[in-house]
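As structure tokens, the structure follows; a few thoughts come after it.
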Amino acid sequence: MSGCAISGILNRKGHRFDGSDIIKSIALMHERSNGMGGGFAAYGIYPRHKDEYAFHMFYDDLEAKEDVEYFLNRHFSVSASEEIPTRKTKNITNAPIIWRYFVKPDIQKLRTSELNTDEYVVRCVMRINDEIQGAFVVSSGKNMGVFKGVGYPEDIGEFYRLDEYKAYLWTAHGRFPTNTPGWWGGAHPFTLLDWSIVHNGEISSYGANQRYIEMFGYKCTMMTDTEVITYLFDLLLRKHKLPLEIAVKALAAPLWDEIEKMDDKEQKLLKAVRLIYGNALLNGPFSIILGHKNGFLALNDRIKLRPLVVAEDQERIFVASEESAIREICPQPDTVWTPRGGEPVIALMEGGDEE
Amino acid sequence: MVELDASGIHYRELNNNIKELIKKGHDKIKLVNVNGQRYIGSGFEGPVKINIEGTAGNDMAAFASGVEISVYGNVQDGIGNTMGEGVITVHGQAGDILGYAMRGGSIYIRDNVGYRVGIHMKGYRDKQPVIVVGGKAGDFLGEYMAGGYLVVLGLTGRPGEPIVGNHVGVGMHGGVMYIRGEVDGNQLGPEIDVSEIDESDRTRLVEILTPYCRRFKLNLNEILEGRFTRLKPFSSRPYGKLYAY
């Protein structure tokens, strides 16, 4: 037994495909989960609303829903509000109220806030999670959405009818919680805007990371370590505009003795990154997939204490905790390889598919 | 050779089916369409031969003693975990912690292997486990190694990448590694003594590599022409005095 499974599929040409492949892939690693959490992120699923932020919400009760709808109507113009369709599924019980909204920031409010649109949305997400009892933002990106809950991932996929959505990028998670509770909001992926994280492992540096990220206005409300990774990427990539390659060096920094072996220029850069972003360093064992609108980044901790396999065929790039999870949906990929500890795998789209 | 189709079969059922066949007296079993099923052959006692077509799942041959398994494909993590006896041959690559705490028998991998291969493998008198890797190895090769032989040939793998990764033999206190090529001092753990091979090493390498080359149809002499580096711990008990004031 080994905790947690992750899997991801990107169609680099931007061709969209339904959720059955990603479900098959994550289901193959059934033994890595224990039924206490499963989830999926899907990119490209809302082409008709692609310019609006899609808010996926969990509510404990109707009061929370009313409070959030009041909040949303004050801060956004809401073009659609609907229940996320689910089907009755054996093994999936105690689901919260699951709703989605397509929204754009209210022009007047946005202007007086003097924030850019993304930052405005981030602040609203933090306020809902922090201030409205029983309400949780599951995802808040454009043309993407997260579907998660308590159960095995294959049952969660069935529950959310993922065979009815088409995405160019899917990521998935099967959870085996060890340190934190298994609850609907605590399932992976964790998201902010269009960043989503699935994670196998644990963050030993969580306390330091949390204190650091809260200085920038992020609030950790999901009772799990993984959440902090999402916010760190948002901070480094969106706010500080670091290139992906450098952000990776902050989070999975090479060991000091390895930096000593590098040439002068590289040493200087990496020492600077470690000094400035020391508190963003993720210590502990992990493999993660960061999904975003252009593709994904897969990354191991620097001494590779969790598994990660990558494969490619003509149009697709796959990543998973186990090779067999890739072969289940692509029996003969062109290449199969295992990235080294701290070596990022950056998979990007060549073009978008707009239907 | 009796054949089992593993497609869509859960590992528990698959292993039970194999055990049934062994009970009925079959000693040669072929598994086709294997994809990720765990624990194949785990805890089995020989003599039995299992041929696998596909990708074998985690902990294959864990705690096995005397099983002979040939895989035509890749294997995942934890293969040969605490294996006591037997022969594993993989016509492909292997994942992390291959041969974890292995105590006897041989593991032959044609291509690359992942991180922490041979971690804490151990030997006792004539019972010395052997791992031979045809390609390259990831970091922490032979971590805490306490006995046996680990050989890395570097015949396949990404060009330009070093034959072994960083932190080789960290905590090593027994056994020997033979690396076919140069190993930079700063790739090694502090406990490691690096030297060229001598005649007795050469004899041992011939012994170890003869069955390996036969399996993968490789030319033994060509392989032996390469320059081998021997890695051994300076001391067999580096921490022997840790608690002796």
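Those residues that are assigned to a loop (DSSP other than H, G, I, E, B), of a type outside the set (D, E, K, R), away from every other protein chain (no Cβ under 14 Å) and closer than 20 Å to B:Gly135 by Cβ, I need them from the stretch B:164-182; list them, please.
If the condition is that a residue be assigned to a loop (DSSP other than H, G, I, E, B), of a type outside the set (D, E, K, R), away from every other protein chain (no Cβ under 14 Å) and closer than 20 Å to B:Gly135 by Cβ, then B:Gly169, B:Gly181 are the ones that fit.
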Going through A:Ala298, A:Ala311 one at a time, which residue ends up being of a type in the set (Gly, Ala, Ser), away from chain B (no Cβ under 14 Å) and in a strand (DSSP E or B)? A:Ala298
Is at least one residue of the stretch B:65-84 among the acidic types (Asp, Glu), within 9 Å of another protein chain (Cβ to nearest Cβ) and outside any strand (DSSP E or B)? yes
Over the stretch B:158-169, the set of residues buried (at least 20 other Cβ atoms within 10 Å of the Cβ) and under 23 Å from B:Leu205 (Cα atoms) is B:Ile163, B:Val164, B:Gly165, B:Val168, B:Gly169
In the stretch B:36-57, the residues that are within 19 Å of B:Ile97 (Cβ to Cβ), away from every other protein chain (no Cβ under 14 Å) and buried (at least 24 other Cβ atoms within 10 Å of the Cβ): B:Gly41
Any chance the stretch A:119-140 includes a residue that's among the hydroxyl-bearing types (Ser, Thr, Tyr), outside any strand (DSSP E or B) and surrounded by fewer than 22 Cβ atoms within 10 Å (Cβ to Cβ)? yes
What number of residues within the stretch A:190-217 are closer than 16 Å to A:Asn129 by Cα and buried (at least 24 other Cβ atoms within 10 Å of the Cβ)? 3
(1) within 12 Å of another protein chain (Cβ to nearest Cβ); (2) β-branched (Val, Ile, Thr); (3) surrounded by fewer than 23 Cβ atoms within 10 Å (Cβ to Cβ) all hold for A:Ile276 apart from (1)
Just one of A:Glu154, A:Glu119 is within 21 Å of A:Tyr43 (Cα to Cα) and touching a strand residue (DSSP E or B) at 6+ places or on another chain (Cβ under 8 Å); which is it? A:Glu154
Pick from the stretch A:332-351, criterion among the hydrophobic types (A, V, I, L, M, F, W, C) and in contact (Cβ under 8 Å) with a residue 60 or more places away in the chain, ranking: farthest from the other protein chains (Cβ to nearest Cβ): A:Met349
Looking only at the stretch B:185-240, how many residues end up being polar (S, T, N, Q) and either part of a helix (DSSP H, G or I) or within 14 Å of chain A (Cβ to nearest Cβ) (or both)? 6
Would you say A:Val336 is surrounded by 23 or more Cβ atoms within 10 Å (Cβ to Cβ) and at negative phi? no
Quick one: count up the residues across the stretch A:265-322 that are of a type in the set (Lys, Arg), touching a residue at least 40 places away in the same chain (Cβ under 8 Å) and over 21 Å from A:Leu10 (Cα atoms). 2
Over the stretch A:50-76, the set of residues among the acidic types (Asp, Glu) and closer than 18 Å to A:Leu192 by Cα is A:Asp51, A:Glu52
Enumerate the pairs (first residue in the stretch B:100-127 and closer than 26 Å to A:Arg302 by Cα and within 14 Å of chain A (Cβ to nearest Cβ); second residue anywhere and surrounded by 24 or more Cβ atoms within 10 Å (Cβ to Cβ) and of a type in the set (Asp, Glu)) with beta-carbon separation below 8 Å, excluding pairs fewer than 6 apart on the same chain, so at least 6 apart or on different chains. B:Gly114/B:Asp77; B:Gly114/B:Asp96; B:Tyr115/B:Asp96; B:Arg116/B:Asp96; B:Val117/B:Asp96
Which is assigned to a strand (DSSP E or B) and either surrounded by fewer than 16 Cβ atoms within 10 Å (Cβ to Cβ) or at pLDDT 95 or above (or both), of A:Ser25, A:Ser81? A:Ser81
Any idea how many residues of the stretch A:218-240 are among the polar types (S, T, N, Q), in a loop (DSSP other than H, G, I, E, B) and buried (at least 21 other Cβ atoms within 10 Å of the Cβ)? 2
Among the residues of the stretch B:50-61, write down those that are part of a loop (DSSP other than H, G, I, E, B) and under 17 Å from A:Glu31 (Cα atoms). B:Gly57, B:Asn58, B:Asp59, B:Met60
Odd one out for A:Ala247 among (1) over 26 Å from A:Leu169 (Cβ atoms); (2) touching a Leu at 6+ places or on another chain (Cβ under 6 Å); (3) among the small types (Gly, Ala, Ser); (4) part of a helix (DSSP H, G or I): (1)
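Tell me whether the stretch A:341-349 contains one or more residues that are touching a Gly at 6+ places or on another chain (Cβ under 9 Å), in a loop (DSSP other than H, G, I, E, B) and surrounded by 19 or more Cβ atoms within 10 Å (Cβ to Cβ).
Yes, there is a match, as at least one residue in the stretch A:341-349 is touching a Gly at 6+ places or on another chain (Cβ under 9 Å), in a loop (DSSP other than H, G, I, E, B) and surrounded by 19 or more Cβ atoms within 10 Å (Cβ to Cβ).
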Just to be sure before I move on: is A:Leu255 more than 23 Å from A:Gly14 (Cβ to Cβ) and more than 14 Å from chain B (Cβ to nearest Cβ) in the structure I sent? no
Select from the stretch A:314-331 the residues that are within 11 Å of another protein chain (Cβ to nearest Cβ) and assigned to a loop (DSSP other than H, G, I, E, B) and write down the one among them that is surrounded by the fewest Cβ atoms within 10 Å (Cβ to Cβ). A:Pro331
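The values are calculated or read from the model by the stated rules, or taken from the named source; none is laboratory data. The model shown is predicted, which means the values in this text are computed figures rather than measured ones. Please note: Cβ atoms are built from the backbone with ideal geometry, for glycine as well, and neighbour counts cover all protein chains shown.
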